[in-house]
Amino acid sequence: LSNANFLVFLTVAFLLATQLQFFFLGTAPYLSELGVPGRSVPAVMTLAQVAQLAATAVLAFHTSDIRGRIGFVGIFSIGIALWLAMYAVYALMPRRVPVILAQALHGLAYTFLIWVGFVYVNEVAPPDIRGSAQGLYTVVLFGFGCFLGTQFTGIVMDKLKTPQGSFRWRPLFLVPCGMTLICLIVMATMFRG
């Protein structure tokens, strides 16, 4: 954690993990409200995994080429921008087709930030603490980030719930839009790599 770049990366990754809960907790009810039949919601959300697998397959063979051109900062910034685009579609284009297509943005963003993040951690950590560094990254994302993000998302969803049991979707998804935009600015201006 004495490495300033690593600390910026870890902080941004943590903040993004908290915002991912808006995707995980909000997408299914949002899709249902937009007219996607309940039985089809899991299949629609699987588009994210399909995009993630495709992006991972491409990056697995070309990470060093892409990194040589735009660096880790470029790769991570693209990932954050993809999440920002997804939340912007959710908030500003509340129609079934755009929101369904936006599922792919989540999968691509996940690959560009989280998957490549494991590569970054492996490169910057000294060999004798690589396993510990990977463990720290995992706990920050999937432990603290997911736990605190679930609590925060739940509070926001409760505040924006309508008397009819739905949600005020635009302001709800503008919350992760704002936080993701801040993360993008921090990554683009403070991270060197």
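The values are calculated or read from the model by the stated rules, or taken from the named source; none is laboratory data. All values reported here derive from a predicted model rather than from experimental measurement. For neighbour counting, all protein chains shown are included, and Cβ atoms are generated from backbone atoms with ideal geometry for every residue, glycine included. These accessible areas exclude ligands, DNA and RNA; they are computed on the full protein's heavy atoms, side chains included. Shrake-Rupley method; radii C 1.70, N 1.55, O 1.52, S 1.80 Å.
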Looking across region 168-193 at residues that are aromatic (F, W, Y) and assigned to a helix (DSSP H, G or I), the single one that is surrounded by the fewest Cβ atoms within 10 Å (Cβ to Cβ) is W169
Given (1) of a type in the set (A, V, I, L, M); (2) at pLDDT 95 or above; (3) open to solvent by less than 70 Å² (accessible area, probe 1.4 Å), V124 misses just (2)
Q) Any chance region 1-14 includes a residue that's closer than 23 Å to M93 by Cα, surrounded by fewer than 19 Cβ atoms within 10 Å (Cβ to Cβ) and not acidic (D, E)? A) no
The correct count of residues that are closer than 16 Å to A17 by Cβ, open to solvent by 80 Å² or more (accessible area, probe 1.4 Å) and not hydrophobic (A, V, I, L, M, F, W, C) in region 144-167 is 1
Inside region 140-164, the number of residues satisfying the requirement of being more than 28 Å from F118 (Cβ to Cβ) and touching a helix residue (DSSP H, G or I) at 6+ places or on another chain (Cβ under 7 Å) is 3
Going through (1) at pLDDT 95 or above; (2) of a type outside the set (V, I, T); (3) surrounded by fewer than 15 Cβ atoms within 10 Å (Cβ to Cβ) one by one, Y137 fails only at (3)
Checked pairs for region 137-158, first of a type outside the set (F, W, Y), second not in a helix (DSSP H, G or I), C-beta under 7 Å and 6 or more apart or across chains, list as M157/F167
When region 89-121 is checked residue by residue, the ones that are in contact (Cβ under 8 Å) with a residue 60 or more places away in the chain, open to solvent by 30 Å² or more (accessible area, probe 1.4 Å) and closer than 18 Å to F167 by Cβ are L92, P94, R95, R96
Region 94-167: helices (runs of 4 or more DSSP H) wholly inside it with 3 or more residues that are farther than 21 Å from V58 by Cβ are 96-101, 130-138, 146-159
